[in-house]
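I have placed the structure first, in the form of structure tokens, so that the comments after it can refer back to it.
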Amino acid sequence: MPDESLNEIALELLSRFGERPIRRLVLEAVSNKNSLAFRLQAIRALSRLAKYANPMDTMDLAILLNDRDPQVREAGRKLCGQLGIIPSFPLVKPRPKMLTAQTSVDLPSLR
């Protein structure tokens, strides 16, 4: 919703219903069928309701980390960090170690 005060009221009401509405928000956030704006709004709502997430929700939210949209990946990274799934700092892929002439490898003997 565009009205922030209505969003706050809606989130308060959702929190009173327990896990079921939270699960629905998780499914909407990870669904590529929804618009970017809708998914980001769902992720923002989930960040406010994170304490109600269950283990199944956290597993599904980890999907956001590999989303095709960078905004969703970033919002998902922050949410997953808040939930303790991953660190909340940016993830950096490790560089593969290159074998060079100076690298020694112990190979088993063929005798």
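The values are calculated or read from the model by the stated rules, or taken from the named source; none is laboratory data. These numbers come from a predicted model, not from an experiment. Here Cβ is always computed from backbone atoms with ideal geometry, including for glycine, and neighbour counts include all displayed protein chains.
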Which number in (1) in a loop (DSSP other than H, G, I, E, B); (2) more than 21 Å from Glu4 (Cβ to Cβ) marks the one condition that Asn34 misses?
(2)
Residues of the stretch 21-33 being crowded, with 16+ Cβ neighbours inside 10 Å and of a type outside the set (A, V, I, L, M), in sequence order, are Pro21, Arg23, Glu28
Would you please list the contacts, defined by Cβ atoms under 7 Å and residues six or more apart or on different chains, that run from a residue in the stretch 54-70 that is farther than 16 Å from Ser31 by Cβ to a residue that is modelled with pLDDT under 90?
Asn54/Glu19; Thr58/Leu83; Thr58/Ile85
